[in-house]
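The values are calculated or read from the model by the stated rules, or taken from the named source; none is laboratory data. Just so you know, these numbers come straight off a predicted model, no measurement behind them. Here the Cβ positions follow ideal geometry from the backbone for every residue, glycine too, while neighbour counts run over all protein chains shown. SASA here: full protein model, heavy atoms, side chains in, ligands and nucleic acids out. Shrake-Rupley method; radii C 1.70, N 1.55, O 1.52, S 1.80 Å.
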Amino acid sequence: MVYLYMGLMALGILAADQITKLLTVSKIAVGAEVPVLDGLFHFTHAHNYGAAFSSFEGMQWLFALIFAAFAVFIVWEFSKKRWPFTTFDRFCIIAIFAGGLGNMIDRLRLGYVVDMIEVEFIRFPVFNVADCFITCGCILLMVHLIFFNKGFWKDEKK
């Protein structure tokens with residue numbers, strides 16, 4: 001039953017990401033800004049041909065390879081349950097996967113990732129909904145593994 005919820009969560013994340021990207025492409029010209037909360041953030045339609053901070057620009061094959069390896073890991077891990085991940089850890093992994101899938105769909109379909117969220121209170125690159133789930137999923141997973149999932153770090157003797 002938990003895997004059903006994880007699948008639904010992944011579909012929800014993917015839908016939210018793709019819908020926001022479609023709305024951005026159809027409603028906002030590339031480079032245009034739409035204010036949302038003055039001084040906090042606005043929508044800016046941007047194309048990202050690389051990864052975070054536009055690093056590794058033009059290396060789509062590398063992103064596809066990393067995503068494929070991550071997808072294989074998830075299928076293997078979730079079917080074999082070899083590592084002592086908790087249900088919460090698995091939900092974090094699904095958030096990371098679904099965000100990565102959303103960006104991979106853009107890369108394969110468009111050759112770039114559509115970004116639209118720009119924060120004004122700090123200097124930070126424009127990002128999208130998928131990036132939010134990838135980042136939050138990674139942070140929550142690391143915090144949970146370090147502070148709450150003590151079983152993950154036990155060295156089992158056989």
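Answer with yes or no whether residue 154 is touching a residue at least 40 places away in the same chain (Cβ under 8 Å), surrounded by fewer than 18 Cβ atoms within 10 Å (Cβ to Cβ) and basic (Lys, Arg). Quick ask: steps written out before the conclusion?
Numbers: touching a residue at least 40 places away in the same chain (Cβ under 8 Å): yes; surrounded by fewer than 18 Cβ atoms within 10 Å (Cβ to Cβ): yes; basic (Lys, Arg): yes.
Judged against the criteria, residue 154 is a match.
Could you list, in sequence order, all residues of segment 47-76 that are in a loop (DSSP other than H, G, I, E, B) and surrounded by 13 or more Cβ atoms within 10 Å (Cβ to Cβ)? Across segment 47-76, the qualifying residues are 49, 50, 51, 56, 59. Looking at this structure, is residue 94 open to solvent by less than 20 Å² (accessible area, probe 1.4 Å), assigned to a helix (DSSP H, G or I), modelled with pLDDT of 90 or more and hydrophobic (A, V, I, L, M, F, W, C)? Yes. The residues listed here are 102, 137, 111; of these, the one that is open to solvent by less than 50 Å² (accessible area, probe 1.4 Å), on the phi > 0 side of the Ramachandran plot and not aromatic (Phe, Trp, Tyr) is 111. Being in a helix (DSSP H, G or I) and closer than 17 Å to residue 129 by Cβ is not true of residue 79. Residues in segment 18-53 that are within 16 Å of the chain's Cα centre (by Cα) and more than 12 Å from residue 114 (Cα to Cα): 52, 53.
Could you tell me which residue of segment 35-46 is modelled with the lowest pLDDT, considering only residues that are open to solvent by 60 Å² or more (accessible area, probe 1.4 Å) and either under 16 Å from residue 128 (Cβ atoms) or in contact with a Gly (Cβ under 8 Å, 6 or more places away or on another chain) (or both)? Don't jump to the end; show me each part of the working.
Kept after step one, since they are open to solvent by 60 Å² or more (accessible area, probe 1.4 Å), are these residues of segment 35-46: 35-38, 40, 43.
Filter again for either under 16 Å from residue 128 (Cβ atoms) or in contact with a Gly (Cβ under 8 Å, 6 or more places away or on another chain) (or both), leaving 36, 43.
Working: 36: 92, 43: 95.
Among residues in segment 35-46 that are open to solvent by 60 Å² or more (accessible area, probe 1.4 Å) and either under 16 Å from residue 128 (Cβ atoms) or in contact with a Gly (Cβ under 8 Å, 6 or more places away or on another chain) (or both), the one modelled with the lowest pLDDT is 36.
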